[in-house]
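Below is one structure, written out as structure tokens; the observations come after it.
The values are calculated or read from the model by the stated rules, or taken from the named source; none is laboratory data. What you see is a predicted model, and the numbers here were worked out from it, not measured in a lab. Note that each Cβ is placed from the backbone with ideal geometry, even for glycine, and that neighbours are counted across all protein chains shown. Ligands, DNA and RNA are excluded from the accessible area calculation, which covers all protein heavy atoms including side chains. Shrake-Rupley method; radii C 1.70, N 1.55, O 1.52, S 1.80 Å.
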Amino acid sequence: RALIAVDAAAQDGHEVYYYQNGEDEAHLERLQIIDELKHALKNDSGQLFMAYQPKLNMGSGKIDKVEALIRWKRSNGQWVSPEFFIDLAEQSGLIVELTQWVVSTVVGQVGSWLHEGLTMKAAINVSAQDIANKEFFSHLERALAKHKVPANLITIELTERDMIENEEQGINALKALKSLGVMISLDDYGVGQTSLGRLKMLPIDELKLDKVFILKLNESHQDQCIVQSTISLGHQLGFSVVAEGVENAESLKLLKQMRCDYAQGYYLSRPLPTKEFLDWLGSYNEVV
Ligand code: C2E
Ligand code: MG
Ligand code: MG
Ligand code: MG
């Protein structure tokens, strides 16, 4: 304890308390963040917004799709990473409300783009809890109708972990979504636990290779083998294959040679707020 106190004092003066109560403090901070997130959602204060990252159609060379990624800037000016607060939202159940906000925002955005003459597909990330929730389906259906967005412009991205939670119920929910006309994408493929046997049972349209296989694709023979065989496997099973985490021209070129269907990554663009995304799109020159 003494050592803890010394360490703490070395850090900033009155932190003995902080250290001795480290876990409680962390717990409190999490509660506080969940509470803030709840408020940010309720008041639509502008703290939360969607960023859009282009997905390049490797066949046409065009950008016809984006992934929508949530961003949060707390009232104290601090950015919180979605990995952190999505996790908290899942643990606290707030995810259901958060996803509803995301769905309304993204479908609304796709609708206003359509209205302005821009046909852009969008992918939305959701969690296992959303899929298990009946409201999710009807909320999505209502949003599509309200904004006059054809369902096939929307893709739902789910990770392997989210997809296999409550397996049967989950698969039925995915089938219902598909019958609505939305696309289903298996996100972060290759780092989870989907066996090949299960893969063929999943009602999906798209496989999204995890970025761990893509970030250093240009340098790694192993990654090239994995990516090439996954693309072939995906195609033979009838899926479209997307690579996320494309950070350089060489990797993009390799993916093109491997007949990957879509590429997404910092090499093309980071996720951008609506206006910046449109500016980027306006000056985009085909790279493949
Ligand atoms: P994800 O769905 O796998 O999203 C891809 C992540 O990779 C994004 O991180 C994106 O910014 C990042 N990324 C894209 N290209 C590159 C690249 O070239 N290099 C590197 N190093 N990273 C790249 P982000 O936005 O921080 O989101 C992290 C995760 O948080 C997402 O992973 C997703 O699981 C979750 N998430 C984000 N937005 C939402 C949302 O609206 N709802 C839900 N449920 N989850 C979300
Ligand atoms: Mg995703
Ligand atoms: Mg991913
Ligand atoms: Mg991920």
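Per the listing E167, E157, the residue uniquely within 16 Å of ligand 1 (Cβ to nearest atom) and either loosely packed, with under 13 Cβ neighbours inside 10 Å or under 17 Å from G192 (Cα atoms) (or both) is E157.
The C-beta contact set for the range 22-35 (first residue free of Cβ contacts under 8 Å to residues at least 60 places away in the same chain and over 15 Å from E90 (Cα atoms), second residue open to solvent by less than 80 Å² (accessible area, probe 1.4 Å) and in a helix (DSSP H, G or I), distance under 6 angstrom, 6+ apart or interchain) is empty. Would you tally the residues in the range 217-247 being within 24 Å of the chain's Cα centre (by Cα), outside any helix (DSSP H, G or I) and either modelled with pLDDT under 95 or surrounded by fewer than 16 Cβ atoms within 10 Å (Cβ to Cβ) (or both)? Here the count works out to 2. Residues that are in contact (Cβ under 8 Å) with a residue 12 or more places away in the chain, away from ligand 4 (no atom under 15 Å from the Cβ) and not β-branched (V, I, T) number at least 3 in none of the strands (runs of 3 or more DSSP E) confined to the range 112-207. So for the range 238-252 (the condition being within 30 Å of T105 (Cα to Cα), away from ligand 1 (no atom under 15 Å from the Cβ) and touching a Lys or Arg at 6+ places or on another chain (Cβ under 7 Å)), does at least one residue qualify? Among the residues of the range 238-252, not one is within 30 Å of T105 (Cα to Cα), away from ligand 1 (no atom under 15 Å from the Cβ) and touching a Lys or Arg at 6+ places or on another chain (Cβ under 7 Å), which makes the answer no.
Looking at the range 108-119, is at least one residue under 22 Å from K38 (Cβ atoms), out of contact with any Ser or Thr (no Cβ under 8 Å at 6 or more places or on another chain) and buried (at least 20 other Cβ atoms within 10 Å of the Cβ)? No: the range 108-119 contains no residue that is under 22 Å from K38 (Cβ atoms), out of contact with any Ser or Thr (no Cβ under 8 Å at 6 or more places or on another chain) and buried (at least 20 other Cβ atoms within 10 Å of the Cβ).
Residues checked against (1) open to solvent by 40 Å² or more (accessible area, probe 1.4 Å); (2) closer than 27 Å to A249 by Cα:
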position	(1), (2)
E25	yes, no
I33	no, no
N43	yes, no
Y52	no, yes
G61	no, yes
V66	no, yes
N76	yes, no
F84	yes, no
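Note on the range 86-99: residues that are assigned to a helix (DSSP H, G or I) and open to solvent by less than 50 Å² (accessible area, probe 1.4 Å) amount to 8.
Considering the range 1-19, and only residues there that are open to solvent by 90 Å² or more (accessible area, probe 1.4 Å) and in a helix (DSSP H, G or I), the residue that is modelled with the lowest pLDDT turns out to be L3.
For the range 223-261, which positions are within 16 Å of ligand 4 (Cβ to nearest atom) and farther than 17 Å from G190 by Cα? Once the filter is applied, which keeps residues that are within 16 Å of ligand 4 (Cβ to nearest atom) and farther than 17 Å from G190 by Cα, the range 223-261 yields only E247. Residues considered: D130, D162, D187, D210. Of these, the only one that is of a type in the set (D, E, K, R), within 15 Å of ligand 3 (Cβ to nearest atom) and farther than 26 Å from K256 by Cβ is D162. Has the range 264-275 got any residue that is free of Cβ contacts under 8 Å to residues at least 12 places away in the same chain and more than 24 Å from S112 (Cα to Cα)? No, because not a single residue in the range 264-275 is free of Cβ contacts under 8 Å to residues at least 12 places away in the same chain and more than 24 Å from S112 (Cα to Cα).
Please tell me if L56 is outside any strand (DSSP E or B) and open to solvent by less than 20 Å² (accessible area, probe 1.4 Å). It is false that L56 is outside any strand (DSSP E or B) and open to solvent by less than 20 Å² (accessible area, probe 1.4 Å).
Set side by side, the residues V182, V212, V287, V191 differ, and just one is within 16 Å of ligand 1 (Cβ to nearest atom) and open to solvent by less than 10 Å² (accessible area, probe 1.4 Å), which is V182.
Looking at K200 and the list (1) at pLDDT 95 or above; (2) more than 16 Å from ligand 3 (Cβ to nearest atom); (3) open to solvent by 50 Å² or more (accessible area, probe 1.4 Å), which single condition is not satisfied? Condition not satisfied by K200: (1). Of everything listed in (1) open to solvent by less than 50 Å² (accessible area, probe 1.4 Å); (2) part of a helix (DSSP H, G or I); (3) without any contact (Cβ under 8 Å) to a residue 12 or more places away in the chain, the single unmet condition for V103 is (3). Take the range 79-97 and flag every residue that is of a type outside the set (F, W, Y), without any contact (Cβ under 8 Å) to a residue 24 or more places away in the chain and touching a strand residue (DSSP E or B) at 6+ places or on another chain (Cβ under 9 Å). Once the filter is applied, which keeps residues that are of a type outside the set (F, W, Y), without any contact (Cβ under 8 Å) to a residue 24 or more places away in the chain and touching a strand residue (DSSP E or B) at 6+ places or on another chain (Cβ under 9 Å), the range 79-97 yields S81, P82.
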